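Here's the structure we're looking at; comments come further down.
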Amino acid sequence: MNRIDLEGRKAVITGGSGGIGLAVAQRMLASGATVAVWDLDPDSLAAARARLPDLHTHRVDVTDADAVDAAAERAAAALGGIDILVNAAGMGGFRSPVSTYPVDIWRKVIEVNLTGTFLCCRAVVRQMEKTGYGRIVNISSIAGKEGNPYGSAYSASKAAVISLTKSLAKELLETEIRVNCVTPAAVETELFHKMSPESQAGSRARIPLGRLGRVEEVAAMIVWM
């Protein structure tokens, strides 16, 4: 593994107790960063901390604005600032045509994937502006570019994350805070395996390489950014 120099940098990773988020946390720690992960599941946080003892872990609901603001303040105090934010928290939703898509699940997917990303950017940018430096990477999906059939909420939320990233990046052009977005195709994660067998098969069939992406591959791109 090539080592990106993140010595002295302080990072927050949402959804960092598993999947892509945990792979990013592992690589950032190996690159010299101090890392805090935010997640909602206390058991997952405990498992992540057992695997990576140097992690700072915090139980945070990314859809709760007050909780996110408080977590950003707490992380900045504990780490000595926040230089890096990776928004990896997300959910897949429900396989259904638009005509019968459950409204409550639609709202939940939008809240987690889009509003959660917005709230975390909003809170952490305030911390970054204090030092005039920051790097933000939002995780979208190829579904946000192409639109997956029977996955309207997920696709719409991830498309909006791409637009949010572009808007925020342009707002911060005159600072040293940079905002980017990655849009992976299907990746070998717990979230993928929660999808229906039909969805999994369809995702695999659309990948020219013939295999799922690996979390380590996505983490390498994110840490480079």
Inset, instruction - Give me the pairs, please: first residue somewhere in the stretch 160-183 and in contact (Cβ under 8 Å) with a residue 40 or more places away in the chain and of a type outside the set (A, V, I, L, M), second residue anywhere and open to solvent by 50 Å² or more (accessible area, probe 1.4 Å) and in a loop (DSSP other than H, G, I, E, B), beta-carbon distance under 9 Å, and either six or more positions apart or on two chains. - result: R178/M225; N180/M225; T183/I142
Inset, instruction - Kindly provide the set of residues from the stretch 73-106 that are outside any loop (DSSP other than H, G, I, E, B) and closer than 22 Å to S155 by Cα, ordered by number. - result: V86, N87, S96, V98, S99, T100, V103, D104, I105, W106
Legend entry - Members of the stretch 15-43 that are assigned to a strand (DSSP E or B) and open to solvent by 20 Å² or more (accessible area, probe 1.4 Å): T34, D39
Inset, instruction - Scan the stretch 159-184 residue by residue and report those that are assigned to a helix (DSSP H, G or I) and farther than 14 Å from V137 by Cβ. - result: A159, A160, S163, S167, K170, E171
Inset, instruction - Return yes when I222 is open to solvent by less than 50 Å² (accessible area, probe 1.4 Å), over 21 Å from G21 (Cβ atoms) and modelled with pLDDT of 70 or more and no when it is not. - result: no
Legend entry - Residue among R49, R3 that alone is surrounded by fewer than 17 Cβ atoms within 10 Å (Cβ to Cβ) and assigned to a helix (DSSP H, G or I): R49
Inset, instruction - Being modelled with pLDDT of 70 or more and within 18 Å of E146 (Cβ to Cβ) is the filter; apply it to the stretch 196-213 and report the residue that is surrounded by the fewest Cβ atoms within 10 Å (Cβ to Cβ). - result: P208
Legend entry - Residue check, R59 surrounded by fewer than 17 Cβ atoms within 10 Å (Cβ to Cβ) and at pLDDT 95 or above: yes
Inset, instruction - Of the conditions (1) surrounded by 18 or more Cβ atoms within 10 Å (Cβ to Cβ); (2) closer than 23 Å to E129 by Cβ; (3) not charged (D, E, K, R), A78 clears all except one; give me its number. - result: (1)
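The values are calculated or read from the model by the stated rules, or taken from the named source; none is laboratory data. All values reported here derive from a predicted model rather than from experimental measurement. Don't worry about glycine lacking a Cβ; one is built from the backbone with ideal geometry, like all the others, and counts go over all protein chains shown. The area values use the complete protein model at the heavy-atom level, side chains included, leaving out ligands, DNA and RNA. Shrake-Rupley method; radii C 1.70, N 1.55, O 1.52, S 1.80 Å.
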